[in-house]
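The values are calculated or read from the model by the stated rules, or taken from the named source; none is laboratory data. Note that the structure is predicted; figures quoted are calculated from it, not measured. Using ideal geometry, Cβ is built from the backbone for each residue, glycine included, and neighbour counts are taken over all protein chains shown. The area values use the complete protein model at the heavy-atom level, side chains included, leaving out ligands, DNA and RNA. Shrake-Rupley method; radii C 1.70, N 1.55, O 1.52, S 1.80 Å.
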Amino acid sequence: MNPASLIPLAEPIPIHWAWFDLLLVTTFTAHILFMNALVGSAAIGLVHAMRGDSGLAREVGKKAPPLLALTINLGVAPLLFLQVNYGQFDYVSSVLMGGWWLAVIAALMLAYYGFYAYKFGHDALSPGRRTALLAVSLVGTLYVALMLTTNMTLMLRPEFWPQYFEKTGAAVLNFGDPTLYPRFLHFMVGAAAVGGLFVALLGRWGKNDAFVEVGMRWLNRATLVNLGIGLWFLVSLPPDILLAFLGGSLPATLTLVAGLGCAGMLLAAGFRKQPIQATVWAVLTVFFMSLTRHWLRTLFLAPWFNIKDTPVTGQYSPVLLFAVFLVAGVAAMAYMLKLYFKSREGRA
Ligand code: HEM
């Protein structure tokens, strides 16, 4: 079977595709930063709780429900932009994953309830039970992350799709893809690093030097480990794509080099134990790595699809409406935050 016959036709888009790509990469950066703070800090809290120190787990547990809410909300935006520009690939891979993909919703709900129960039941539960609760919630988020990596790699490989017709189980998970393992680990070890940074920031705001110490240690060690995993990810890529990142494609090479440069600056700030400077470099590193991941998608899809061929209808009115609502929404949120901080001053 020719896999190309399984790719639906690209739907026309209202404005130039570059706008959607830009929005996709920027909102994805925000999604990953919040996901990292959640998954990483919960994992660090769990390690500490298992060693009998529940203080750190309790503090990060308080932040887990709002961090999960922000991760989900900031996941919806890239999902929409992804569907606009690459829907003909992403819809197919989601359908092929079947029940595994749908189970993401159940795993998210389990994690959400678990984190809430941990936060509000911390003092009432025994140490063993609350540690188990934190572990189950964390496993829920890891399942979601694994399914997202599976989907994001399956959408890039139409040549794997015909497997669906060879299997009786009616669901395809591309665990045979050698890029899947380093890619998933790269995200998860990155989460441990940024989670460490989040713990350090909590320490800085709460004047808790021990948290700053622990957090910066996680940031530095996980970032060093991730340099090795990143290299593994790079060499697991098909040779033509690897060569594109080694100078064959200027934008792909430049964004990778920029990401590595920012990671170097992040490490420098990490070793100097400067959480604020490290935060600036962490945001830039995640942004450039997200751009690198964007070129990776373009290179993988090149044999099947060129975004420049997508028909553009030139309907600007929906975009203008979107811009108006975006500005109004941001203004409303700024006002809400202003009221919140004012009321906090009053309560203090
Ligand atoms: C615990 C919750 C979540 C975790 C841990 C998580 C983790 C991840 C990870 C690791 C990736 C990168 C996968 C890869 O490229 O290999 C990713 C991508 C993505 N996530 Fe999430 N995610 C979560 C929730 C959500 C939710 C609820 C949505 C949507 C409503 C969402 C939307 C997306 C989208 C659209 C992408 C890909 C964007 C792109 O291709 O540019 N995520 N997520």
Residue match in the range 11-24 (condition: under 22 Å from residue 186 (Cα atoms), open to solvent by less than 60 Å² (accessible area, probe 1.4 Å) and in contact (Cβ under 8 Å) with a residue 60 or more places away in the chain): yes
Residue match in the range 248-255 (condition: over 23 Å from the mean Cα position of the chain (by Cα) and of a type in the set (S, T, N, Q)): yes
Any hit, the range 148-157, residues being within 20 Å of residue 9 (Cβ to Cβ), near the ligand (Cβ under 9 Å from one of its atoms) and either open to solvent by 40 Å² or more (accessible area, probe 1.4 Å) or at pLDDT 95 or above (or both): yes
Unique residue being at pLDDT below 95, away from the ligand (no atom under 13 Å from the Cβ) and aliphatic (A, V, I, L, M) when the list is 132, 170, 193, 200: 170
Those residues of the range 63-93 which are surrounded by fewer than 19 Cβ atoms within 10 Å (Cβ to Cβ) and of a type outside the set (A, V, I, L, M), in sequence order: 66, 73, 83, 87, 90, 91
Residue that is near the ligand (Cβ under 10 Å from one of its atoms) and either free of Cβ contacts under 8 Å to residues at least 40 places away in the same chain or part of a helix (DSSP H, G or I) (or both), where the choices are 38, 46: 38
Leading residue by the ranking (surrounded by the most Cβ atoms within 10 Å (Cβ to Cβ)) among those in the range 250-273 that are free of Cβ contacts under 8 Å to residues at least 60 places away in the same chain and more than 19 Å from residue 287 (Cβ to Cβ): 271
Total residues in the range 203-219, condition within 21 Å of the chain's Cα centre (by Cα) and either under 18 Å from residue 49 (Cβ atoms) or surrounded by fewer than 18 Cβ atoms within 10 Å (Cβ to Cβ) (or both): 2
Residue match in the range 54-62 (condition: more than 13 Å from the ligand (Cβ to nearest atom) and modelled with pLDDT under 95): yes
Hey, residue 106 surrounded by fewer than 15 Cβ atoms within 10 Å (Cβ to Cβ) and more than 9 Å from the ligand (Cβ to nearest atom) or not: yes
Lone qualifier among 288, 300 - being open to solvent by 30 Å² or more (accessible area, probe 1.4 Å), in contact with a helix residue (DSSP H, G or I) (Cβ under 9 Å, 6 or more places away or on another chain) and either modelled with pLDDT under 95 or assigned to a helix (DSSP H, G or I) (or both): 288
Exclusive hit being under 19 Å from residue 30 (Cα atoms) and touching a helix residue (DSSP H, G or I) at 6+ places or on another chain (Cβ under 9 Å), set 268, 258: 258
